[in-house]
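The values are calculated or read from the model by the stated rules, or taken from the named source; none is laboratory data. Because the structure is predicted, anything quoted here is derived from the model rather than measured. No Cβ is skipped: glycine too gets one built from the backbone with ideal geometry, and neighbour counts run over all protein chains shown. Heads up: the accessible areas ignore ligands, DNA and RNA and are worked out on the full protein's heavy atoms, side chains in. Shrake-Rupley method; radii C 1.70, N 1.55, O 1.52, S 1.80 Å.
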Amino acid sequence: MKPDLFTSPDYFHLDELLTEEHKLIRDTSREWVKKEVSPIIEDACQKAKFPNQILTGLAEIGAFGPYIPAEYGGAGLDQISYGLIMQELERGDSGIRSTASVQSSLVMYPIYKYGNEEQRKRFLPKLASGELIGCFGLTEPDHGSNPGGMTTNFKDCGDYFLLNGAKLWISNSPFADIAIVWAKNEEGRIKGLIVERGMDGFTTPETHGKWSLRASATGELVFDNVKVPKQNLLPNKDGLGAPLGCLDSARYGIAWGAIGAAMDCYDTALRYSKERHQFGKPIGSFQLQQKKLAEMITEITKAQFLTWRLGVLKNEDRASTAQISMCKRNNVDMALKIARESRQILGGMGITGDYPIMRHMMNLESVVTYEGTHDIHLLITGLDITGLNAFK
Ligand code: TGC
Ligand code: FAD
């Protein structure tokens, strides 16, 4: 891959709305991505191998639990800082951001929010330092958009819970030390369990052959009469609202992340359009290419402001699920369109690994699907504005 020359587009001086701390956190993450992710990411994707050498660095820049309080090992930052870290990581690669989002919002968050003090103290500091890596099991082979239909279940066997079932499409599962697993109890109520690698009957086969998110390890979680100690039940919330609460936080991070991928595509295409000559002129001087670039920066700028405002609302604990859905949906769609247009600006070079665009484009096909598909988020907005539920 070519050297990473990324410069961040900021057409409406959004930086002026960030604090010095926000900018420091953003710039530290950006430098780390340039140094540690950009040089190795193309090779990792081509080989479809998660680059686990970056885990320590992710922990060091505070990407594991940015907003978890410092007393539990987190960085104790605000929601805009969390978003900026996700933006910078996804500027590097969606798979790297995925690892950090899952660890922070889908593993640390439920332990912090729904766990007891003993669970917080036992797991959170090790998750923050990267000593433990977690994954989140909600989706099942027959229940993706409709997680409430899940069949994974557990029985109370006196000294322990007996867990059976399977989860599919689980980021980080092949190497995770722990899994937050959503399963139904004998009354059919959804609960969260912390399942640990090494428990008898628990396996995590890897899913191979992905054309998207190749630098992220994806797999299954299979539970065959797994005896889960009772102290591993998350006691403080149950029902589908518990995993959906985690998704609010992760979808918020994705909204920021998608801007990072879009900015990288735009920045690459803009630079290329000035360097590449055809018909004796830079291709950027042709009106058709300018139209593409002008529309891209317009969409990036709109997304930056929408997302910054969402961050403000989130800091005030006023961001609704529907607002988060709208922002995730808009930004990922925007990033996918920008990746496709940018790739065209690079012509044939756009399909090579010399440039990051095709990798972003392929990654975004997962991002537009996971954490709620493009269609599901539209229906969440539809329900919010009409009061009429299209799901039921
Ligand atoms: P519905 O009846 O609407 O809600 C069930 C219960 O949940 C409550 N609730 C929420 N609570 C907290 N936060 C939220 N955001 C909530 N949304 C709903 C709701 O009040 C209700 O509570 P109660 O007490 O009455 O039971 O549920 P539904 O079955 O109709 O489904 C709604 C729907 C379709 C929107 C939802 O299930 C959905 O979002 N589906 C998409 C599934 C999804 O996003 N899966 C993601 C899996 S994880 C993942 O993809 C990780 S990728 C990570 C990476 O690599 O980055
Ligand atoms: P389906 O639910 O079968 O949907 C198929 C199509 O039908 C979609 O277009 C959908 O929009 C549409 N559809 C469904 N219902 C409706 C409706 N009511 N109205 C209109 N259209 C509808 N899950 C986890 O739990 N943990 C993870 O870590 C995780 N990581 C993932 C990583 C990757 C790379 C991928 C690809 C997925 C991951 N997922 C994870 C799963 C992801 O959340 C699901 O793929 C997603 O929620 C969609 O579920 P599905 O694939 O079963 O599609």
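Applying the criterion of being free of Cβ contacts under 8 Å to residues at least 40 places away in the same chain and among the aliphatic types (A, V, I, L, M) to the residues of segment 39-71, the residue that is farthest from residue 84 (Cα to Cα) is 40. Can you name every residue in segment 215-225 that is away from ligand 1 (no atom under 16 Å from the Cβ) and surrounded by 24 or more Cβ atoms within 10 Å (Cβ to Cβ)? Selection gives 223 alone.
If you check residue 320 against the conditions, is it at pLDDT 95 or above and open to solvent by less than 10 Å² (accessible area, probe 1.4 Å)? No; evaluated as a whole, the condition is false for this residue. At least 3 residues being acidic (Asp, Glu) and surrounded by fewer than 21 Cβ atoms within 10 Å (Cβ to Cβ) is the threshold, and among the helices (runs of 4 or more DSSP H) wholly inside segment 1-103 those reaching it are 20-32. Within segment 249-268, is even one residue more than 30 Å from residue 119 (Cα to Cα), in a helix (DSSP H, G or I) and open to solvent by 30 Å² or more (accessible area, probe 1.4 Å)? Checked against the condition, which is being more than 30 Å from residue 119 (Cα to Cα), in a helix (DSSP H, G or I) and open to solvent by 30 Å² or more (accessible area, probe 1.4 Å), segment 249-268 yields no hits at all.
Here the strands (runs of 3 or more DSSP E) wholly within segment 134-232 that include at least 2 residues being at pLDDT 95 or above and either away from ligand 2 (no atom under 12 Å from the Cβ) or of a type in the set (D, E, K, R) (or both) are 153-156, 160-171, 178-184, 190-196, 218-229.
How many residues, within segment 105-133, are in contact (Cβ under 8 Å) with a residue 40 or more places away in the chain and farther than 18 Å from residue 235 by Cβ? So the answer is 10.
Scanning segment 348-372 for residues that are farther than 20 Å from residue 83 by Cα and touching a residue at least 12 places away in the same chain (Cβ under 8 Å) gives 349, 353, 354, 355, 356, 357, 358, 359, 361, 362, 365. Let me confirm something: among 299, 220, which residue is free of Cβ contacts under 8 Å to residues at least 60 places away in the same chain, under 27 Å from the mean Cα position of the chain (by Cα) and not assigned by TED's automatic domain parsing to the domain that holds residue 197? Testing whether each residue is free of Cβ contacts under 8 Å to residues at least 60 places away in the same chain, under 27 Å from the mean Cα position of the chain (by Cα) and not assigned by TED's automatic domain parsing to the domain that holds residue 197 leaves just 299. The set of residues in segment 202-214 that are small (Gly, Ala, Ser) and surrounded by fewer than 15 Cβ atoms within 10 Å (Cβ to Cβ) contains only 209. Test residue 91 against the criterion of being modelled with pLDDT of 95 or more, over 25 Å from residue 211 (Cα atoms) and not assigned by TED's automatic domain parsing to the domain that holds residue 312, and give yes or no. No, not satisfied. Just to be sure, is residue 346 within 17 Å of residue 262 (Cα to Cα), more than 23 Å from the chain's Cα centre (by Cα) and modelled with pLDDT of 95 or more? Against the criterion (within 17 Å of residue 262 (Cα to Cα), more than 23 Å from the chain's Cα centre (by Cα) and modelled with pLDDT of 95 or more), residue 346 qualifies. Only residues that are open to solvent by 40 Å² or more (accessible area, probe 1.4 Å) and away from ligand 1 (no atom under 15 Å from the Cβ) were counted across segment 147-195, and they come to 10.
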